[in-house]
1. Given the criteria surrounded by fewer than 23 Cβ atoms within 10 Å (Cβ to Cβ), farther than 21 Å from Val52 by Cα and not charged (D, E, K, R), does Ile144 qualify?
2. Scanning the range 178-200 for residues that are closer than 14 Å to Leu94 by Cβ and of a type outside the set (A, V, I, L, M), which turns out surrounded by the fewest Cβ atoms within 10 Å (Cβ to Cβ)?
3. Does at least one position in the range 117-126 carry a residue that is assigned to a loop (DSSP other than H, G, I, E, B), surrounded by 13 or more Cβ atoms within 10 Å (Cβ to Cβ) and of a type outside the set (Asp, Glu)?
4. Need the failing condition index for Arg211 against (1) within 25 Å of Lys4 (Cβ to Cβ); (2) in contact with a Lys or Arg (Cβ under 7 Å, 6 or more places away or on another chain), just the number.
5. Identify, please: which residue in the range 71-121 is of a type in the set (Phe, Trp, Tyr) and over 13 Å from the mean Cα position of the chain (by Cα) and is, among those, farthest from Glu183 (Cα to Cα)?
6. Please go through the range 67-77 and give me each residue that is within 20 Å of Ser45 (Cβ to Cβ) and either touching a helix residue (DSSP H, G or I) at 6+ places or on another chain (Cβ under 8 Å) or without any contact (Cβ under 8 Å) to a residue 12 or more places away in the chain (or both), ordered by number.
7. Asp197 is checked against (1) modelled with pLDDT of 95 or more; (2) within 15 Å of the chain's Cα centre (by Cα) and fails just one. What number does that condition carry?
8. Is it true that Gly149 is in contact (Cβ under 8 Å) with a residue 12 or more places away in the chain and over 14 Å from Ala7 (Cα atoms)?
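The values are calculated or read from the model by the stated rules, or taken from the named source; none is laboratory data. These numbers were taken from a predicted model, which means no experiment stands behind them. Every residue, glycine among them, receives a Cβ derived from its backbone with ideal geometry; neighbour counts consider all protein chains shown.
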Amino acid sequence: MKAKNTAVLLAAGQGKRMQMEEYKQYLEIQGAPLFTYSLRTLTESPVIDDIVITVNAGEEEYMLGLVRRFGLESKVRAVVQGGAERFLSVYEGLRAIAWPCDYVYIHDSARAFLDQETLVRLEAAALESGTAVAGVPSKDTVRITDEKGESLSTPARRNVWIVQTPQVFRLDDILKAHAMAVEQLEELGKRGIQITDDAMVAETMLGIRCRMVMASYSNIKVTTREDLALAEAILRKR
């Protein structure tokens, strides 16, 4: 029997590094808001059964209107308010899942160029190991430094991955991990632990070792104005 998979699409960011008045998830690229590109991939994928979208406070109806305008409502089961930080938005998205779900695919809407092949590889890895994190091997040498910028070590490049999304987990595991992180947020801060992605939540809270899965170098995160030009180039190539 096929696993039941829900995607949590994060569209609650403010895109401060973009330095624009409009939030980046709504910026139009070739006639469509940025978030619609990954939403369309998720909607068209046989891997994904249901979708939750997290948005900023008060944007629920606006988001639903755009989803319907671009004909992408077929799998969207909920649009919910996210949190002040990324992992809090994920937590709200996870808590909104009120239907049968085995695995959750957590994806940043700013990564507009997710492809179908990556979703297939992620599903296969998740079914085998319980987790699957999209990424690509680093093309560059990476150096670990101390706070002063002085070199401590240089890890073997073959072992260094650039982490992307989607990140896939069993729903029960990742929901428990996020609930623990929320409860221990103050303590984590005192220990100097800053949560940057869901794999870190799973590893820190539950000791889950995440499986890296090859994605695509085109699966960029649109973060700055310079990224918009690269996004346009990727779309033209497609």
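1. Values: surrounded by fewer than 23 Cβ atoms within 10 Å (Cβ to Cβ): yes; farther than 21 Å from Val52 by Cα: yes; not charged (D, E, K, R): yes.
Yes; evaluated as a whole, the condition is true for this residue.
2. Keep residues of the range 178-200 that are closer than 14 Å to Leu94 by Cβ, which gives 178-182, 198.
Cutting the leftovers down to of a type outside the set (A, V, I, L, M) gives us 178, 198.
Numbers: His178: 25, Asp198: 29.
Ranking the qualifying residues of the range 178-200, first place goes to His178.
3. The first filter runs over the range 117-126 and keeps only residues assigned to a loop (DSSP other than H, G, I, E, B), leaving none.
Scanning the range 117-126, I find no residue that is assigned to a loop (DSSP other than H, G, I, E, B), surrounded by 13 or more Cβ atoms within 10 Å (Cβ to Cβ) and of a type outside the set (Asp, Glu), so the answer is no.
4. (2)
5. Taking the range 71-121 and keeping what is of a type in the set (Phe, Trp, Tyr), we get 87, 91, 99, 103, 105, 113.
Subset that is over 13 Å from the mean Cα position of the chain (by Cα): 99, 103.
Numbers: Trp99: 25, Tyr103: 23 Å.
Among them, the one singled out is Trp99.
6. In the first step, residues of the range 67-77 are kept if they are within 20 Å of Ser45 (Cβ to Cβ); the result is 67-68, 70-77.
Matches in the range 67-77: Val67, Arg68, Phe70, Gly71, Leu72, Glu73, Ser74, Lys75, Val76.
7. (1)
8. Values: in contact (Cβ under 8 Å) with a residue 12 or more places away in the chain: no; over 14 Å from Ala7 (Cα atoms): yes.
The answer is no for Gly149.
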